[in-house]
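Q: I have a structure I would like to understand better, so I am pasting it below and will then ask my questions one at a time.
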Amino acid sequence: MHDLIVVGAGPAGSTAARAAALQGLDTLILEKQPFPRYKPCGGALSDIAASILDFSLPCEICERAITGARVHFRDQVLERHKSFSLTTLITRSRFDYFLLQKAGEAGAGIKTQKVLDFQDKGDYVSVQTSEGTHQCRVLVISSGCQDKLKNRIQGTDKRERMGVCLIAEIEEDDSKIDEHLADTLDIHFGVAQGGYGWIFPHQGYYGVGIGGLAAGLHHPRQAMLQFLKKNGFSEGQRLSGHQIPLGASRRTIARGRVLLAGDAAGFVDAFSGEGICYALASGKNAGRVVGEVPAAEVAQAYAKKCRKDFGEDLQYALFFAKMMHRFPEIFLCMLAGQEEVLDRYIEIPAARRSYRDFMRWLAPRLPLSLLRAL
Ligand SMILES: Cc1cc2nc3c(=O)[nH]c(=O)nc-3n(C[C@H](O)[C@H](O)[C@H](O)COP(=O)(O)OP(=O)(O)OC[C@H]3O[C@@H](n4cnc5c(N)ncnc54)[C@H](O)[C@@H]3O)c2cc1C
């Protein structure tokens, strides 16, 4: 009987397992893929996200410290830079593997097994895998957005509550990347049916991607090929990606002895698509509550803590996403056309400004008609 079983070793799972193991709990991670494994992702790790970790990341994982953003909308281009880091670019295979090793170092057991099903028996949880059955006091499901285990707790998500992202990793000499972008994120609004595209300067490659609402973006592949072509990249790239949940939609995130964390819980910023931060924050909360409260109370304690820590941020992000999709001209002309708006927005991932502060500053500057319609 383990104290905790964690399904999936993405950022949410490894962080949950480390937080529990550090409290001396008997913790087991079940991950279906051998690590290191590929994970499609832009790899933008905001400074808020990095601050959730209780250790520093080694230099070989931090590819670039990003201090600026270049934003395009229609024929407008605006670029702002800061004297401090906004976000760090990482490659997920290396980042996730490092987090998993940190969970192992803290004492968590790790097995490469696919979890097929589970039953909450009231006083313990039974977990069936490809290799047999395990038992635990509490189960954390952090198996991402694609896996169906989470549906047993929260039902199937509607298409309206999902986004979709595609990415290509395009090899390039660092000298050329430095010349083109250096420490700047290149963001293109108004592509992918009201979503956005990005070009991120990794080490030795560009991460090029698009993201939009699943309900509106019927042909993501085509939108991605257009974006590649428009930005001078060849269309013969390997494309990967999947759906992501739009955070702040109403979802059940815990029931009985089962907690959902990260993408499985639906914790993604609906405006920017940032999910690593919430995966780390929710994973840490999950791992901690298992040691702090009786098993019968973990669901309530966990949901409350997540709501308190980042519920409001996800609400604001959803609000911005709605504004962007319903009034792209007004909203994006402000973001990509007014220096002071972009200047303040990019301080959010650097933890220099909260979504709430940004909104308070922005609200009086928004046209009344837009506020009323929302
Ligand atoms: C194209 C794209 C670009 C993105 N870019 C960014 C970005 O730049 N910055 C950002 O912050 N976020 C980004 N995101 C979102 C981010 O990738 C996710 O929010 C984040 O990976 C969530 O972490 P997680 O731990 O919840 O799940 P995941 O990282 O998806 O990990 C889940 C793990 O569970 C395992 N698993 C699945 N099913 C089972 C099972 N049944 N049994 C055992 N193991 C299982 C999987 O193999 C996987 O290792 C992007 C997403 C996409 C699709």
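The values are calculated or read from the model by the stated rules, or taken from the named source; none is laboratory data. All figures in this text were calculated on a predicted structure; none of them were measured in a lab. FYI the Cβ positions are ideal-geometry reconstructions off the backbone, even for glycines, and counts take in every protein chain you see. Ligands, DNA and RNA are excluded from the accessible area calculation, which covers all protein heavy atoms including side chains. Shrake-Rupley method; radii C 1.70, N 1.55, O 1.52, S 1.80 Å.
Q: With all protein chains present and a 1.4 Å probe, how do His325, His219 order by accessible area, largest first?
A: His219, His325
Q: For the chain, what's the relative contact order in percent, using C-alpha pairs closer than 8 Å and at least 6 residues apart?
A: 22 percent.
Q: Net charge near Arg92, counting Lys/Arg +1 and Asp/Glu -1 over other residues with Cβ under 12 Å of its Cβ?
A: 0
Q: Which translational diffusion coefficient, to the nearest whole µm²/s, is obtained for region 180-338 from the Stokes-Einstein equation, given a Kirkwood hydrodynamic radius over C-alpha pairs, 20 °C and 1.002 mPa s?
A: 122
Q: Now a separate question. Defining a contact as two alpha carbons under 8 Å apart and six or more residues distant in sequence, what relative contact order in percent does region 252-304 show?
A: 43
Q: Something else: Using only Cα atoms, tell me the angle between helix 276-292 and the longest principal axis of the chain; keep it within 0 to 90° and round to the nearest 10.
A: 20
Q: Determine the alpha carbon to alpha carbon distance for each of Lys82/Lys305; Lys39/Lys176; Lys102/Lys158 and list only those over 30 Å.
A: Lys82/Lys305; Lys102/Lys158
Q: Can you classify the chain as rounded, prolate or oblate using the Cα gyration tensor, where a ≥ b ≥ c are the square roots of its eigenvalues, rounded means a/c under 1.5, and otherwise it's prolate if a/b beats b/c and oblate if not?
A: Prolate, because a/c is 1.5 or more and a/b exceeds b/c.
Q: Separate question: State the antiparallel share, in %, of DSSP beta bridges confined to the chain, rounding to the nearest 5.
A: So the antiparallel bridges in the chain amount to around 70 percent.
Q: Where a ≥ b ≥ c are the square roots of the eigenvalues of the C-alpha gyration tensor, would you call region 1-61 rounded, which needs a/c under 1.5, or, failing that, prolate if a/b is larger than b/c, or oblate?
A: It comes out oblate by the Cα gyration axes.
Q: Largest first and to the nearest Å, give the Cα extent of region 288-370 along each principal axis.
A: 52, 26, 18
Q: Along its principal axes, what span do the Cα atoms of region 89-172 show, with the longest given first and each in whole Å?
A: Principal axes ranked by extent give 53, 40, 20 Å for the Cα atoms.
Q: On to the next question. Net charge within 11 Å of Leu78 by Cβ-Cβ distance, Lys/Arg positive one each and Asp/Glu negative one each, not counting Leu78 itself?
A: -2
Q: Rounded to the nearest 10 degrees, what's the angle between the helix 92-105 long axis and the longest principal axis of the chain, both from Cα atoms, 0 to 90?
A: Between helix and principal axis, roughly 30 degrees.
Q: Separate question: Taking only protein heavy atoms and a 1.4 Å probe, what accessible area per residue, in Å², does region 275-374 have with all protein chains in place?
A: That works out to 46 Å² for each residue.
Q: Assign one of three labels to region 117-156, namely rounded, prolate or oblate, based on the Cα gyration tensor with a ≥ b ≥ c the square roots of its eigenvalues; rounded applies when a/c is under 1.5, prolate when it is not and a/b is larger than b/c, and oblate otherwise.
A: oblate
Q: Continuing with this model, one more query. Report the local net charge at Tyr38: Lys and Arg +1, Asp and Glu -1, summed over other residues whose C-beta lies under 14 Å from its C-beta.
A: Cβ neighbours under 14 Å give a net charge of +3.
Q: Tell me what the chain gives for mean residue ellipticity at 222 nm when only DSSP H runs of n ≥ 4 count, each as -39,500 (n - 2.57), the sum divided by the residue total, rounded to 500 deg cm²/dmol.
A: Per the formula, -9500 deg cm²/dmol.
Q: Sort out for me the Cα centre separation of region 128-205 from region 5-49, rounded to whole Å.
A: So the two Cα centres are separated by 15 Å.
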